[in-house]
Amino acid sequence: MALAVELLDELIARWHNWESSGTHYLERLAPAIVRSPESANLTPQEKKIVRELQQLLSADEWQDLPRLIARRRAGALNALKSDGERVRMRALAEQQREERERELERLEQERLDEERARAERRAALLHRLKSALGADFLGADRYLVGDADSSLLTSVEFDQLKIDFVRAWSRRELPQALDNEQAAAVATASGDTLVIARAGSGKTTTLVGRAIFLQKQCQVRAHELMLVAFNKKAADEIKARLTTSLGDQLPHVMTFHALAHALVHPEEQLIYDDPGNDQLGLSRELQSVIDEHIRSGTRAEQIKGLMLAHFREDWERIIAGRFHLVMDELLSYRRALPSESLRGELVKSFGERVIANTLFEHGVEYQYERSFRWGGAHYRPDFAVPFGSTGGVVIEYFGMEGDPDYDAMSQSKREFWRDRPGWKLLEFSPRELARLGEERFAQELVRQLRAGGVHCERRTEEEIWSLVRVRAVDRFTEAMRTFVSRARKADITIEALAEKVEAHIPCSTSERLFLAVAVSIYGDYAQRLRSSGKEDFDGLMWRSVKLVRGRQTGFTRDRQRERGDLARLRFILVDEFQDLAPSFFELLAAVRSANPQVQMFCVGDDWQAINGFAGSEVRFLRSFEDYFPNALHRMTARSAFQVTETSAGF
């Protein structure tokens, strides 16, 4: 801010012609300014100067303005009293400014010094943490938590440090390096972990990577680690991947059912369904129980009523197929069918049916209309009895003998088999069947089969009956099998099931009838397993749960070449967690009860819960924290993965 004398100088300089107009300035204009600055005849710039002067001058100085102007112009006025105070204030302000600048410089230097010291402490901390990750990855968290310098590194930064460590490790140790999300899952150091990822994102790669990381980097011993899959194919794939990195130092790798078997070692014959390998032992056993109910005097009417109420088509099929008949009546009926063999094929003629039934009754495994390559086309002889991949016996029933074109084709077929070493052609015709009759025709067929090297031994009527009654599962059977399977998976006793049904209020007549029959079939199925020395996988699973709950945690498999103890495991890794069934979860819970320190690492995809039909329940995945409580945090990765960690404990 300018001083008052400086403004006086500026005003005097703007008033020209002092020699001729000085009296006017001092005696008229200046007094007019004092009286009314705004009304005085001044230029805009002069008015601005006057307003500033009025603010700076004291009241007495303002009234004395004409004299002050005169003295200043004469050189007799060097300073004003009001200016002196302002000079002092200006000097004080300058001093304070300089002091502030010096303080700011001091603070800036302190900040720079602190930043340098913090950077040095952070670098030292990072060095310690990196060394800790290399030496003790699973315990590295304690090097940060509670550290005096823990504020130097956020938890997010520390997590990224672990991820970077795992990614660098994977580039050295794995056939395929892990991406950021996969490394984040592998890097979880403690607690139970659930990894949710979409199909094709590398869940199994993550699971295998985690196992290899624990074993090779974290020094977890092979017998302290178990990987569990839901089918043998997946377990074999996991084992093959592990072998690439671990050689023969493999952890335990098996299915839940294999683990249950290794714990229980049942003496009973295990029955199960595996349609891909033509294994339907469980369905056949249950079907036998259902068939017996269909034929029983006490239950047949109930089942008939149920089927008429809800499964009419199935009852009509049972009546049409005579499955409700006793053994002698049923076999007599089935043998008399004009176009269906005892085994169930639809054949093209009476002669083919006689041949098929003869083969079936004598225990000959045959193929009906098997395809053979003939030039660029397919040739399907009536029956083939292979000895292996290189030969066997072929049976042709030339049913249109006498037709020139047909006879020419028959001759071509004879030449075809004559040119194929290892194969023998047996040919028959309606003429022979009519001449010999059905019984002698069958005897001749058996004689020629034996001469051709085929083992033939007639089955008893009971054996034939037991095979004939194993039929395709219809809708009623499928519904009953689902009911029984769910009850078995829930480990419910026949008494408890009967109580539930008794307390249940059915919504329809068909439901009431179904439940009444289902309880009876469920009880008879369980009794049939016990009396026949058989066991299904559901029963095996619950038996293994009971053993582990009783602290029997040792297991052996592969003729005792593989031994382990669930109580000594440190980590259990579960593949396809969305497929977890209640019995599987209870087995994991029993292991946790016997071994509270074991940590679970589970991967799954709730869009791939494809095994619901087999009793799996996706609730274990979607409500992971409810079954593995005390959740620490949940994070969602940028794309494929979502990771949930909980502290150890169910």
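Entry for the range 347-391 at q = 0.18, 0.24 Å⁻¹: log10 I(q)/I(0) = -0.60, -0.91, Debye formula applied to identical alpha-carbon scatterers, no solvent contribution. Remark on residue 392: its backbone amide H falls under 5 Å from those of 387, 423, 424, a criterion applied only to residues 5 or more positions apart or on other chains, H modelled at 1.01 Å from N. Specify whether the C-alpha gyration tensor of the range 1-75 places it in the rounded, prolate or oblate class, a ≥ b ≥ c being the square roots of the eigenvalues: rounded for a/c under 1.5, otherwise prolate if a/b is larger than b/c and oblate if not. Here the range 1-75 falls in the rounded category.
What does the extension gain come out to for residue 510 and residue 43, with contour length at 0.36 nm per residue minus their alpha carbon separation?
Gain in length upon complete extension: 157.0 nm.
Rounded to the nearest whole Hz, the Karplus-based 3J(HN,Hα) values (6.51 cos²θ - 1.76 cosθ + 1.60, θ = phi - 60°) of the range 569-576 follow the sequence 6, 9, 9, 10, 10, 10, 8, 6, with x at glycine and proline.
Accessible area per residue for the range 483-567 is 55 Å², calculated with a 1.4 Å probe on protein heavy atoms, without ligands, DNA or RNA.
A Förster distance of 30 Å, applied to the separation of the beta-carbon atoms of residue 51 and residue 74, puts the FRET efficiency at 0.75. Taking the accessible area of the range 58-108, probe 1.4 Å, and keeping the other protein chains in place, the carbon and sulfur fraction comes to 53%.
Here each label is just a point 7 Å from Cα along the line to Cβ, and for residue 6 and residue 440 those points are 14.6 nm apart.
Shape class of the range 79-225 from the alpha-carbon gyration tensor: prolate, with a/c at 1.5 or above and a/b greater than b/c.
Other residues with beta-carbon under 15 Å from the beta-carbon of residue 505 carry, at +1 per Lys or Arg and -1 per Asp or Glu, a net charge of -1.
Taking every protein chain into account, the accessible area of the range 200-284 amounts to 44 square angstrom per residue (probe 1.4 Å). Using R0 = 51 Å, the C-beta based FRET efficiency linking residue 176 and residue 462 works out to 0.30. The string of couplings for the range 350-359 from the Karplus curve (6.51, -1.76, 1.60, θ = phi - 60°) is 4, x, 4, 5, 4, 5, 4, 5, 5, 4 Hz, one whole number per residue in order, with x for Gly and Pro. Ranked by the mean number of other Cβ atoms within 10 Å of their residues, highest first, the peptides 595-601, 445-451 come out as 595-601, 445-451.
Summarising the label geometry, the points placed 7 Å from Cα in the beta-carbon direction at residue 218 and residue 237 lie 2.4 nm from one another. Available extension along the chain between residue 14 and residue 244 is 72.9 nm, counting 0.36 nm per residue and deducting the alpha carbon span.
If packing is taken as the mean number of other Cβ atoms within 10 Å per residue, what is the order of 72-80, 261-269, 579-587, highest first?
579-587, 261-269, 72-80
What's the FRET efficiency of residue 124 with residue 151 using the Cβ-Cβ distance as r and R₀ = 22 Å, to the nearest 0.05? Once the sixth-power term is evaluated, E becomes 0.95.
Would the range 150-209 count as rounded, prolate or oblate if I go by the C-alpha gyration tensor, calling it rounded below 1.5 in a/c and otherwise prolate when a/b exceeds b/c, oblate otherwise?
Verdict is oblate for the range 150-209.
Database remark: amide H of residue 253 closer than 5 angstrom to the amide H of 227 (H placed geometrically; neighbours at sequence offset of 5 or more, or on other chains; Pro and chain starts carry no H).
Using the alpha-carbon centroid of each, what span in Å lies between the range 8-39 and the range 354-408? Measuring centre to centre over Cα atoms gives 138 Å. Packing here is the average count of other Cβ atoms within 10 Å per residue, and on that basis the peptides 385-391, 90-96, highest first, run 385-391, 90-96.
Here's how it looks for residue 270: its modeled amide H is under 5 Å from those of 535, which are all 5 or more places away or on a different chain.
For the residue pairs 232/534; 239/546; 489/546, the alpha carbons lie more than 24 Å apart in 239/546. Cross-link partners for residue 424 among the lysines, with Cα-Cα distance under 26 Å and sequence neighbours closer than 8 places in the same chain left out: 348, 413.
Working note: Karplus 6.51/-1.76/1.60 with θ = phi - 60° gives the range 548-562 the couplings 5, 4, x, 6, 9, 10, x, 9, 9, 8, 6, 6, 6, 6, 10 Hz, where Gly and Pro are set to x.
The values are calculated or read from the model by the stated rules, or taken from the named source; none is laboratory data. None of these values were measured; they are calculated from a predicted model. With ideal geometry, Cβ positions are generated from the backbone for all residues, glycine too; neighbour counts draw on all protein chains shown. The area values use the complete protein model at the heavy-atom level, side chains included, leaving out ligands, DNA and RNA. Shrake-Rupley method; radii C 1.70, N 1.55, O 1.52, S 1.80 Å.
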